[in-house]
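The values are calculated or read from the model by the stated rules, or taken from the named source; none is laboratory data. Bear in mind the structure is a predicted one, so any value in this text is a computation, not a measurement. All Cβ positions, glycine included, derive from the backbone under ideal geometry; neighbour counts span all protein chains shown.
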Amino acid sequence: MMKKHSWAEPYKIKMVELLKITTLPQRRKAIDNAGYNTFLLKSEDVYIDLLTDSGTSAMSDQQWAGMMLGDEAYAGSANFYHLEKVVQEVYGYKYMIPTHQGRGAENILSQVMIKKGDIIPGNMYFTTTRLHQELAGGVFHDIIIEEAHDAANYHPFKGDVDLNKLEALVKEYGADKIPYVCIAVTVNMAGGQPISMGNLKALRAYTENLGIKIILDMTRIAENAYFIQNREPGYAQRSIRSLVKEICSYTDGATMSAKKDALVNIGGFLALNNTDAYEEASNLVVVYEGLHTYGGLAGRDMEAMAIGIKESISDAHIKARIGQVIYLGEQMKQMDIPITEPIGGHGIFIDAKRFLPHLHQELFPAQALAAELFIDAGIRTMERGIVSAGRNAKTGENYCPKLELVRLTIPRRVYTQAHMDVIAESVCNVYDNRKKIKGLKMVYEPKYLRFFQARFEKIK
Ligand code: PM9
(Lines give C-alpha, C1' and ligand atoms only; values in the text may rest on other atoms or scores of the structure.)
Protein backbone atom coordinates (compact mmCIF):
# COMPACT_ATOMS: atom_id res chain seq x y z
CA MET A 1 0.00 0.00 0.00
CA MET A 2 1.25 3.48 -0.83
CA LYS A 3 2.32 5.58 2.20
CA LYS A 4 1.00 9.14 2.33
CA HIS A 5 3.91 11.57 2.59
CA SER A 6 2.88 14.23 0.07
CA TRP A 7 1.75 17.65 1.09
CA ALA A 8 -0.41 20.08 -0.83
CA GLU A 9 -1.22 23.74 -0.39
CA PRO A 10 -4.12 24.13 2.08
CA TYR A 11 -5.77 26.74 -0.18
CA LYS A 12 -6.93 27.24 -3.75
CA ILE A 13 -6.17 30.15 -6.05
CA LYS A 14 -8.77 32.88 -6.54
CA MET A 15 -6.81 35.59 -8.34
CA VAL A 16 -3.59 35.60 -10.35
CA GLU A 17 -0.99 38.19 -11.33
CA LEU A 18 0.44 37.77 -14.82
CA LEU A 19 4.21 37.54 -15.18
CA LYS A 20 6.36 39.14 -17.86
CA ILE A 21 8.86 36.96 -19.68
CA THR A 22 11.86 38.88 -21.00
CA THR A 23 14.60 38.05 -23.52
CA LEU A 24 18.27 37.44 -22.76
CA PRO A 25 19.41 40.81 -24.24
CA GLN A 26 16.71 42.61 -22.21
CA ARG A 27 17.90 40.94 -19.00
CA ARG A 28 21.56 41.69 -19.72
CA LYS A 29 20.70 45.36 -20.19
CA ALA A 30 18.48 45.45 -17.09
CA ILE A 31 21.15 44.03 -14.74
CA ASP A 32 23.82 46.30 -16.22
CA ASN A 33 21.54 49.31 -15.62
CA ALA A 34 21.02 48.03 -12.07
CA GLY A 35 24.78 48.04 -11.37
CA TYR A 36 24.72 44.24 -10.94
CA ASN A 37 22.67 44.66 -7.78
CA THR A 38 19.38 42.72 -7.85
CA PHE A 39 17.87 45.27 -5.42
CA LEU A 40 18.17 47.91 -8.13
CA LEU A 41 16.26 45.94 -10.78
CA LYS A 42 12.78 47.02 -11.74
CA SER A 43 10.33 44.38 -10.58
CA GLU A 44 8.61 44.46 -13.99
CA ASP A 45 11.81 42.98 -15.49
CA VAL A 46 11.71 39.99 -13.11
CA TYR A 47 10.08 36.68 -14.00
CA ILE A 48 10.27 34.77 -10.71
CA ASP A 49 11.03 37.01 -7.75
CA LEU A 50 13.04 35.24 -5.03
CA LEU A 51 14.68 38.41 -3.74
CA THR A 52 12.95 38.08 -0.40
CA ASP A 53 10.04 36.56 1.50
CA SER A 54 9.55 39.94 3.17
CA GLY A 55 6.23 41.57 2.38
CA THR A 56 5.86 39.39 -0.69
CA SER A 57 3.39 36.79 0.59
CA ALA A 58 -0.09 36.38 -0.86
CA MET A 59 -2.76 37.43 1.62
CA SER A 60 -5.83 35.26 2.12
CA ASP A 61 -9.40 36.31 1.30
CA GLN A 62 -9.93 36.66 5.05
CA GLN A 63 -7.04 39.11 5.28
CA TRP A 64 -8.33 41.12 2.32
CA ALA A 65 -11.77 41.17 3.90
CA GLY A 66 -10.09 42.41 7.09
CA MET A 67 -8.60 45.31 5.12
CA MET A 68 -12.17 46.54 4.58
CA LEU A 69 -12.65 46.64 8.34
CA GLY A 70 -9.88 49.22 8.77
CA ASP A 71 -10.72 51.68 11.52
CA GLU A 72 -8.64 54.62 10.36
CA ALA A 73 -8.94 56.67 13.53
CA TYR A 74 -5.75 58.47 14.50
CA ALA A 75 -5.97 57.12 18.03
CA GLY A 76 -7.39 53.96 19.59
CA SER A 77 -8.23 52.11 16.36
CA ALA A 78 -10.31 48.96 16.88
CA ASN A 79 -7.75 47.11 14.73
CA PHE A 80 -5.00 47.99 17.21
CA TYR A 81 -6.96 46.34 20.03
CA HIS A 82 -7.60 43.28 17.87
CA LEU A 83 -3.90 43.00 17.04
CA GLU A 84 -2.90 43.51 20.67
CA LYS A 85 -5.25 40.70 21.73
CA VAL A 86 -3.90 38.32 19.08
CA VAL A 87 -0.27 39.05 20.06
CA GLN A 88 -1.12 38.44 23.73
CA GLU A 89 -3.00 35.21 22.98
CA VAL A 90 -0.69 33.69 20.37
CA TYR A 91 2.74 34.80 21.60
CA GLY A 92 1.96 35.46 25.27
CA TYR A 93 3.65 38.86 25.61
CA LYS A 94 2.02 41.45 27.85
CA TYR A 95 2.53 44.62 25.79
CA MET A 96 2.59 45.25 22.03
CA ILE A 97 3.57 48.39 20.14
CA PRO A 98 2.97 48.35 16.38
CA THR A 99 5.74 49.59 14.08
CA HIS A 100 5.87 50.09 10.31
CA GLN A 101 8.14 47.01 10.00
CA GLY A 102 10.77 45.03 11.87
CA ARG A 103 13.55 47.61 11.85
CA GLY A 104 11.18 50.19 13.37
CA ALA A 105 10.84 47.87 16.38
CA GLU A 106 14.62 47.25 16.41
CA ASN A 107 15.28 50.97 16.53
CA ILE A 108 12.96 51.56 19.50
CA LEU A 109 14.15 48.47 21.37
CA SER A 110 17.84 49.34 20.88
CA GLN A 111 17.33 52.89 22.13
CA VAL A 112 15.41 51.68 25.18
CA MET A 113 17.69 48.81 26.20
CA ILE A 114 21.24 49.61 25.03
CA LYS A 115 23.68 52.02 26.66
CA LYS A 116 26.92 53.14 25.00
CA GLY A 117 29.56 50.42 25.33
CA ASP A 118 27.09 47.60 26.00
CA ILE A 119 27.71 44.15 24.54
CA ILE A 120 24.90 42.45 22.62
CA PRO A 121 25.51 38.73 22.04
CA GLY A 122 23.41 37.08 19.36
CA ASN A 123 23.06 33.89 17.32
CA MET A 124 24.62 35.42 14.20
CA TYR A 125 24.12 38.99 13.09
CA PHE A 126 21.25 40.29 11.03
CA THR A 127 21.91 43.37 8.93
CA THR A 128 19.29 45.81 10.25
CA THR A 129 19.33 44.41 13.79
CA ARG A 130 23.10 44.85 14.22
CA LEU A 131 23.02 48.32 12.67
CA HIS A 132 20.42 49.52 15.21
CA GLN A 133 22.43 47.97 18.04
CA GLU A 134 25.52 49.83 16.82
CA LEU A 135 23.68 53.12 16.29
CA ALA A 136 22.52 52.87 19.92
CA GLY A 137 26.17 52.48 21.04
CA GLY A 138 26.25 48.69 21.46
CA VAL A 139 28.72 46.15 20.11
CA PHE A 140 27.40 42.92 18.64
CA HIS A 141 29.14 39.60 19.40
CA ASP A 142 28.35 36.39 17.53
CA ILE A 143 27.70 33.44 19.87
CA ILE A 144 26.16 30.98 17.42
CA ILE A 145 27.61 27.44 17.33
CA GLU A 146 30.59 27.04 14.97
CA GLU A 147 28.69 24.58 12.74
CA ALA A 148 26.49 27.48 11.56
CA HIS A 149 29.45 29.04 9.76
CA ASP A 150 29.97 25.98 7.60
CA ALA A 151 27.41 25.67 4.80
CA ALA A 152 28.16 21.98 4.22
CA ASN A 153 27.87 20.91 7.87
CA TYR A 154 24.59 19.09 8.55
CA HIS A 155 23.49 20.02 12.07
CA PRO A 156 19.72 19.95 12.81
CA PHE A 157 19.82 23.15 14.89
CA LYS A 158 22.47 25.42 13.43
CA GLY A 159 20.75 28.39 15.08
CA ASP A 160 21.77 27.15 18.55
CA VAL A 161 23.79 29.34 20.87
CA ASP A 162 27.22 28.17 22.06
CA LEU A 163 26.86 28.79 25.79
CA ASN A 164 30.64 28.67 26.22
CA LYS A 165 30.98 31.65 23.90
CA LEU A 166 28.39 33.53 25.97
CA GLU A 167 30.12 32.60 29.21
CA ALA A 168 33.40 33.92 27.82
CA LEU A 169 31.73 37.28 27.10
CA VAL A 170 30.26 37.39 30.61
CA LYS A 171 33.72 36.72 32.07
CA GLU A 172 35.39 39.34 29.88
CA TYR A 173 32.88 42.19 30.17
CA GLY A 174 30.67 41.31 33.15
CA ALA A 175 26.95 40.52 33.08
CA ASP A 176 26.00 44.15 33.81
CA LYS A 177 27.44 45.14 30.40
CA ILE A 178 25.07 42.72 28.66
CA PRO A 179 21.50 44.06 28.75
CA TYR A 180 20.15 41.21 26.68
CA VAL A 181 20.98 38.36 24.35
CA CYS A 182 19.43 38.78 20.92
CA ILE A 183 18.02 35.46 19.73
CA ALA A 184 16.81 34.94 16.19
CA VAL A 185 14.55 32.08 15.16
CA THR A 186 15.38 30.30 11.87
CA VAL A 187 18.57 32.33 11.64
CA ASN A 188 18.41 34.19 8.36
CA MET A 189 22.10 34.73 7.60
CA ALA A 190 22.94 31.11 8.47
CA GLY A 191 20.48 29.86 5.84
CA GLY A 192 17.15 29.86 7.69
CA GLN A 193 18.52 27.53 10.40
CA PRO A 194 16.46 26.90 13.56
CA ILE A 195 17.30 27.10 17.24
CA SER A 196 16.22 24.11 19.36
CA MET A 197 13.87 24.35 22.30
CA GLY A 198 16.48 22.61 24.46
CA ASN A 199 19.09 25.25 23.67
CA LEU A 200 16.65 28.07 24.36
CA LYS A 201 15.74 26.54 27.73
CA ALA A 202 19.41 26.16 28.67
CA LEU A 203 20.07 29.77 27.61
CA ARG A 204 17.17 30.93 29.76
CA ALA A 205 18.46 29.03 32.78
CA TYR A 206 21.95 30.50 32.34
CA THR A 207 20.94 34.14 31.74
CA GLU A 208 18.21 34.30 34.39
CA ASN A 209 20.71 33.89 37.23
CA LEU A 210 22.84 36.69 35.80
CA GLY A 211 19.97 39.13 35.25
CA ILE A 212 20.52 39.14 31.47
CA LYS A 213 17.33 39.41 29.42
CA ILE A 214 16.53 37.52 26.22
CA ILE A 215 15.02 39.44 23.31
CA LEU A 216 13.68 37.37 20.46
CA ASP A 217 13.81 38.33 16.83
CA MET A 218 10.60 36.39 16.20
CA THR A 219 10.37 37.18 12.50
CA ARG A 220 10.07 33.54 11.33
CA ILE A 221 8.96 31.87 14.56
CA ALA A 222 6.36 29.51 13.09
CA GLU A 223 8.98 28.16 10.68
CA ASN A 224 11.34 27.52 13.60
CA ALA A 225 8.53 25.75 15.46
CA TYR A 226 8.07 23.44 12.45
CA PHE A 227 11.71 22.31 12.68
CA ILE A 228 11.38 21.70 16.43
CA GLN A 229 8.26 19.64 15.77
CA ASN A 230 10.01 17.61 13.08
CA ARG A 231 13.59 17.34 14.33
CA GLU A 232 13.76 17.66 18.11
CA PRO A 233 12.95 14.53 20.12
CA GLY A 234 9.82 14.85 22.22
CA TYR A 235 8.03 17.53 20.20
CA ALA A 236 6.47 15.58 17.30
CA GLN A 237 2.99 15.55 18.86
CA ARG A 238 2.93 19.25 19.69
CA SER A 239 1.06 21.82 17.58
CA ILE A 240 2.89 24.71 15.92
CA ARG A 241 0.71 27.05 17.95
CA SER A 242 1.81 25.59 21.28
CA LEU A 243 5.48 25.49 20.24
CA VAL A 244 5.39 29.14 19.18
CA LYS A 245 4.02 30.14 22.57
CA GLU A 246 6.59 28.05 24.40
CA ILE A 247 9.47 29.64 22.47
CA CYS A 248 8.23 33.10 23.46
CA SER A 249 7.80 32.04 27.09
CA TYR A 250 11.60 31.78 27.49
CA THR A 251 12.10 35.38 26.42
CA ASP A 252 11.42 38.86 27.82
CA GLY A 253 10.33 40.57 24.65
CA ALA A 254 10.54 40.47 20.89
CA THR A 255 10.89 42.41 17.69
CA MET A 256 8.79 41.24 14.80
CA SER A 257 8.89 41.89 11.09
CA ALA A 258 5.34 40.75 10.33
CA LYS A 259 6.19 40.90 6.62
CA LYS A 260 7.46 37.31 6.84
CA ASP A 261 5.71 34.73 9.04
CA ALA A 262 2.65 36.89 9.63
CA LEU A 263 1.72 37.02 5.94
CA VAL A 264 1.33 40.77 5.44
CA ASN A 265 2.85 43.16 2.95
CA ILE A 266 3.80 45.71 5.61
CA GLY A 267 3.93 45.81 9.41
CA GLY A 268 5.79 44.81 12.52
CA PHE A 269 5.73 45.26 16.27
CA LEU A 270 7.71 45.39 19.46
CA ALA A 271 6.50 43.12 22.27
CA LEU A 272 7.60 43.46 25.89
CA ASN A 273 6.75 42.11 29.31
CA ASN A 274 8.42 44.74 31.46
CA THR A 275 6.18 47.71 32.29
CA ASP A 276 8.96 50.33 32.58
CA ALA A 277 10.55 49.31 29.28
CA TYR A 278 7.12 49.32 27.63
CA GLU A 279 6.35 52.83 28.88
CA GLU A 280 9.64 54.16 27.56
CA ALA A 281 9.15 52.41 24.22
CA SER A 282 5.57 53.60 23.83
CA ASN A 283 6.79 57.15 24.36
CA LEU A 284 9.70 56.78 21.93
CA VAL A 285 7.52 55.26 19.20
CA VAL A 286 5.72 58.58 18.73
CA VAL A 287 9.06 60.15 17.72
CA TYR A 288 9.85 57.65 14.96
CA GLU A 289 6.75 55.73 13.90
CA GLY A 290 3.50 57.33 15.06
CA LEU A 291 1.14 57.08 18.00
CA HIS A 292 1.52 53.88 20.07
CA THR A 293 -1.83 52.64 18.79
CA TYR A 294 -0.82 52.67 15.13
CA GLY A 295 3.00 52.88 14.94
CA GLY A 296 3.18 53.93 11.27
CA LEU A 297 0.49 51.52 10.08
CA ALA A 298 -3.01 52.06 8.76
CA GLY A 299 -5.81 50.40 10.74
CA ARG A 300 -6.38 48.02 7.82
CA ASP A 301 -2.72 46.91 7.96
CA MET A 302 -3.09 46.01 11.64
CA GLU A 303 -6.26 44.03 10.89
CA ALA A 304 -4.55 42.04 8.11
CA MET A 305 -1.67 41.37 10.50
CA ALA A 306 -3.93 40.12 13.29
CA ILE A 307 -5.59 37.67 10.87
CA GLY A 308 -2.24 36.72 9.27
CA ILE A 309 -0.70 35.83 12.64
CA LYS A 310 -3.50 33.34 13.29
CA GLU A 311 -3.10 31.81 9.81
CA SER A 312 0.67 31.59 10.23
CA ILE A 313 0.48 29.15 13.14
CA SER A 314 -1.67 26.58 11.34
CA ASP A 315 0.10 23.23 11.05
CA ALA A 316 -1.21 22.68 7.51
CA HIS A 317 0.04 26.09 6.37
CA ILE A 318 3.54 25.67 7.71
CA LYS A 319 3.88 22.10 6.46
CA ALA A 320 3.11 23.20 2.90
CA ARG A 321 5.24 26.34 3.17
CA ILE A 322 8.36 24.49 4.25
CA GLY A 323 7.46 21.50 2.06
CA GLN A 324 7.78 23.73 -0.98
CA VAL A 325 11.19 25.05 0.12
CA ILE A 326 12.41 21.48 0.75
CA TYR A 327 11.06 20.39 -2.65
CA LEU A 328 13.22 23.01 -4.38
CA GLY A 329 16.25 22.19 -2.24
CA GLU A 330 15.99 18.46 -2.96
CA GLN A 331 15.80 19.17 -6.71
CA MET A 332 18.94 21.25 -6.50
CA LYS A 333 20.75 18.62 -4.47
CA GLN A 334 19.93 16.02 -7.11
CA MET A 335 21.59 18.31 -9.65
CA ASP A 336 24.69 18.51 -7.39
CA ILE A 337 24.25 22.23 -6.75
CA PRO A 338 26.14 23.10 -3.52
CA ILE A 339 23.58 24.47 -1.06
CA THR A 340 23.52 25.16 2.66
CA GLU A 341 22.47 22.08 4.61
CA PRO A 342 20.14 21.23 6.13
CA ILE A 343 17.58 23.00 3.95
CA GLY A 344 16.32 26.04 5.85
CA GLY A 345 12.89 27.49 6.42
CA HIS A 346 12.45 30.38 4.04
CA GLY A 347 14.68 29.62 1.10
CA ILE A 348 17.55 27.78 -0.50
CA PHE A 349 20.97 29.26 0.08
CA ILE A 350 23.51 28.42 -2.64
CA ASP A 351 27.07 28.14 -1.37
CA ALA A 352 28.83 30.53 -3.76
CA LYS A 353 32.26 29.49 -2.44
CA ARG A 354 31.72 25.94 -3.70
CA PHE A 355 29.73 27.03 -6.78
CA LEU A 356 32.47 29.45 -7.91
CA PRO A 357 35.69 28.18 -6.31
CA HIS A 358 37.75 30.17 -8.82
CA LEU A 359 36.57 33.53 -7.39
CA HIS A 360 38.10 35.15 -4.26
CA GLN A 361 35.66 36.66 -1.80
CA GLU A 362 36.86 40.18 -2.73
CA LEU A 363 35.47 39.55 -6.21
CA PHE A 364 32.00 39.22 -4.68
CA PRO A 365 31.16 35.69 -5.89
CA ALA A 366 27.64 35.61 -4.43
CA GLN A 367 26.81 39.03 -5.88
CA ALA A 368 28.14 37.91 -9.28
CA LEU A 369 26.18 34.66 -9.09
CA ALA A 370 22.93 36.46 -8.23
CA ALA A 371 23.43 38.62 -11.34
CA GLU A 372 24.05 35.54 -13.52
CA LEU A 373 20.93 33.80 -12.21
CA PHE A 374 18.90 36.82 -13.22
CA ILE A 375 20.47 36.90 -16.69
CA ASP A 376 19.76 33.20 -17.30
CA ALA A 377 16.00 33.15 -16.76
CA GLY A 378 14.88 36.35 -15.03
CA ILE A 379 15.01 34.82 -11.55
CA ARG A 380 15.85 37.44 -8.93
CA THR A 381 17.82 36.30 -5.87
CA MET A 382 19.92 38.06 -3.23
CA GLU A 383 23.52 38.11 -2.08
CA ARG A 384 24.13 37.07 1.55
CA GLY A 385 27.89 37.26 1.89
CA ILE A 386 30.60 39.87 2.07
CA VAL A 387 28.46 42.67 0.61
CA SER A 388 25.63 42.09 3.10
CA ALA A 389 28.11 41.82 5.99
CA GLY A 390 29.33 45.40 5.44
CA ARG A 391 32.15 47.02 7.39
CA ASN A 392 33.13 47.21 11.04
CA ALA A 393 31.69 50.55 12.19
CA LYS A 394 34.83 51.37 14.23
CA THR A 395 37.71 50.15 12.06
CA GLY A 396 36.06 50.55 8.65
CA GLU A 397 37.35 47.10 7.68
CA ASN A 398 35.22 44.73 5.65
CA TYR A 399 33.64 41.95 7.65
CA CYS A 400 34.61 38.75 5.79
CA PRO A 401 31.93 36.20 6.72
CA LYS A 402 32.72 32.53 6.30
CA LEU A 403 29.40 32.14 4.51
CA GLU A 404 29.20 33.51 0.98
CA LEU A 405 25.67 32.66 -0.09
CA VAL A 406 23.03 33.45 -2.68
CA ARG A 407 19.55 33.27 -1.21
CA LEU A 408 16.63 31.98 -3.25
CA THR A 409 13.89 33.16 -0.93
CA ILE A 410 10.45 31.65 -1.39
CA PRO A 411 7.51 34.01 -0.83
CA ARG A 412 4.60 32.36 1.00
CA ARG A 413 1.60 31.14 -1.01
CA VAL A 414 2.85 32.79 -4.22
CA TYR A 415 4.59 30.32 -6.56
CA THR A 416 3.74 26.79 -7.64
CA GLN A 417 5.72 23.57 -7.75
CA ALA A 418 6.20 24.12 -11.49
CA HIS A 419 7.92 27.42 -10.72
CA MET A 420 10.26 25.47 -8.42
CA ASP A 421 11.13 23.14 -11.33
CA VAL A 422 11.94 26.08 -13.61
CA ILE A 423 14.10 27.66 -10.90
CA ALA A 424 16.10 24.45 -10.34
CA GLU A 425 16.66 24.03 -14.09
CA SER A 426 17.93 27.60 -14.43
CA VAL A 427 20.33 27.22 -11.50
CA CYS A 428 21.59 24.00 -13.10
CA ASN A 429 22.17 25.78 -16.40
CA VAL A 430 24.20 28.50 -14.67
CA TYR A 431 26.11 25.79 -12.78
CA ASP A 432 27.06 24.09 -16.06
CA ASN A 433 28.52 27.40 -17.26
CA ARG A 434 30.01 28.47 -13.93
CA LYS A 435 33.62 28.62 -15.10
CA LYS A 436 32.76 31.55 -17.38
CA ILE A 437 31.53 33.67 -14.45
CA LYS A 438 33.93 36.48 -13.57
CA GLY A 439 33.84 38.61 -10.45
CA LEU A 440 32.61 42.14 -9.85
CA LYS A 441 34.13 45.41 -8.70
CA MET A 442 32.22 47.65 -6.31
CA VAL A 443 32.00 51.14 -7.77
CA TYR A 444 29.55 52.76 -5.36
CA GLU A 445 29.19 51.98 -1.66
CA PRO A 446 26.58 53.67 0.53
CA LYS A 447 27.33 54.21 4.22
CA TYR A 448 24.55 52.09 5.75
CA LEU A 449 23.37 48.60 4.74
CA ARG A 450 25.38 48.75 1.53
CA PHE A 451 23.88 45.63 -0.03
CA PHE A 452 20.64 47.48 -0.75
CA GLN A 453 22.14 50.22 -2.92
CA ALA A 454 25.77 49.40 -3.83
CA ARG A 455 26.66 49.36 -7.53
CA PHE A 456 29.11 47.04 -9.29
CA GLU A 457 30.83 46.62 -12.62
CA LYS A 458 31.82 43.39 -14.30
CA ILE A 459 35.52 42.56 -14.22
CA LYS A 460 36.60 42.34 -17.83
N1 PM9 B 1 14.58 40.62 6.47
C2 PM9 B 1 14.91 39.71 4.32
O3 PM9 B 1 14.81 39.81 3.09
C4 PM9 B 1 14.22 42.14 4.50
C5 PM9 B 1 15.29 43.15 4.64
S6 PM9 B 1 16.92 42.63 4.34
C7 PM9 B 1 16.91 42.30 2.72
O8 PM9 B 1 15.28 38.68 4.88
C9 PM9 B 1 15.13 39.45 10.44
C10 PM9 B 1 15.55 38.08 10.84
C11 PM9 B 1 14.85 39.75 9.13
C12 PM9 B 1 14.48 41.08 8.77
C13 PM9 B 1 14.26 41.45 7.45
C14 PM9 B 1 14.38 42.04 9.82
C15 PM9 B 1 14.00 43.44 9.52
C16 PM9 B 1 14.68 41.69 11.10
N17 PM9 B 1 15.05 40.41 11.39
O18 PM9 B 1 12.63 44.31 6.87
O19 PM9 B 1 12.49 45.93 8.70
O20 PM9 B 1 14.92 38.79 8.22
O21 PM9 B 1 10.61 44.40 8.31
O22 PM9 B 1 12.65 43.52 9.21
C23 PM9 B 1 14.55 40.83 5.16
P24 PM9 B 1 12.07 44.60 8.22
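Looking across the range 125-183, the residues that are touching a Phe, Trp or Tyr at 6+ places or on another chain (Cβ under 6 Å) and either of a type in the set (Lys, Arg) or not in a helix (DSSP H, G or I) (or both) come down to TYR125, ARG130, PHE140.
Checking ASP315, ASP301 one by one, the residue that is at negative phi, buried (at least 22 other Cβ atoms within 10 Å of the Cβ) and among the acidic types (Asp, Glu) is ASP301 and no other. Of everything in the range 74-121 that is within 16 Å of the ligand (Cβ to nearest atom) and polar (S, T, N, Q), the residue that is surrounded by the fewest Cβ atoms within 10 Å (Cβ to Cβ) is GLN111.
Each row is one residue, and each column tells you yes or no for (1) under 21 Å from the mean Cα position of the chain (by Cα); (2) under 14 Å from ASP301 (Cα atoms); (3) at pLDDT 95 or above.
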{"residue": "PRO98", "(1), (2), (3)": "yes, yes, yes"}
{"residue": "ASN107", "(1), (2), (3)": "yes, no, yes"}
{"residue": "LYS116", "(1), (2), (3)": "no, no, yes"}
{"residue": "LEU131", "(1), (2), (3)": "yes, no, yes"}
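Between GLY66, GLY55, the distinction of being at pLDDT 95 or above and not in a loop (DSSP other than H, G, I, E, B) belongs to GLY66 only.
Note on the range 13-47: among residues that are of a type outside the set (D, E, K, R), more than 16 Å from the ligand (Cβ to nearest atom) and outside any loop (DSSP other than H, G, I, E, B), the one that is nearest to ILE386 (Cα to Cα) is ILE31.
Here LEU210 meets each of (1) in contact (Cβ under 8 Å) with a residue 60 or more places away in the chain; (2) away from the ligand (no atom under 16 Å from the Cβ); (3) in contact with a helix residue (DSSP H, G or I) (Cβ under 7 Å, 6 or more places away or on another chain) with one exception, condition (1).
For the range 249-277, filtering for residues that are crowded, with 22+ Cβ neighbours inside 10 Å and within 16 Å of the ligand (Cβ to nearest atom) leaves 18.
Looking across the range 423-460 at every residue that is charged (D, E, K, R) and more than 27 Å from MET332 (Cβ to Cβ), the one that is surrounded by the most Cβ atoms within 10 Å (Cβ to Cβ) is identified as ARG450. Looking only at residues of the range 384-435 that are part of a strand (DSSP E or B) and either within 23 Å of LEU359 (Cα to Cα) or away from the ligand (no atom under 16 Å from the Cβ) (or both), we find that the one that is modelled with the lowest pLDDT is ASN398. Taken together, GLU232, GLU280, GLU303 contain a single residue that is away from the ligand (no atom under 16 Å from the Cβ) and in contact with a Ser or Thr (Cβ under 8 Å, 6 or more places away or on another chain), which is GLU232.
A search for C-beta distances below 8 Å between a residue of the range 115-134 that is without any contact (Cβ under 8 Å) to a residue 12 or more places away in the chain and any residue that is within 11 Å of the ligand (Cβ to nearest atom), counting only pairs 6+ apart in sequence or on different chains, returns ARG130/GLY122.
Can you find a residue in the range 250-265 that is within 24 Å of GLU303 (Cβ to Cβ), in contact with a Leu (Cβ under 7 Å, 6 or more places away or on another chain) and of a type in the set (Ser, Thr, Tyr)? Checked against the condition, which is being within 24 Å of GLU303 (Cβ to Cβ), in contact with a Leu (Cβ under 7 Å, 6 or more places away or on another chain) and of a type in the set (Ser, Thr, Tyr), the range 250-265 yields at least one hit. Cβ-Cβ contacts under 8 Å between residues 6 or more apart (or on different chains), taken from a first residue in the range 135-162 that is at positive phi to a second residue that is buried (at least 18 other Cβ atoms within 10 Å of the Cβ), are listed as GLY137/ILE114; GLY137/ASP118. Here ALA73, ALA148 are screened, and the one residue that is closer than 28 Å to TYR278 by Cα and of a type in the set (A, V, I, L, M, F, W, C) is ALA73.
For ARG130, the criteria (1) within 14 Å of the ligand (Cβ to nearest atom); (2) charged (D, E, K, R); (3) touching an Asp or Glu at 6+ places or on another chain (Cβ under 8 Å) hold in every case but one, which is (3).
As for the range 148-157, it holds at least one residue that is surrounded by fewer than 19 Cβ atoms within 10 Å (Cβ to Cβ) and of a type in the set (Ser, Thr, Tyr).
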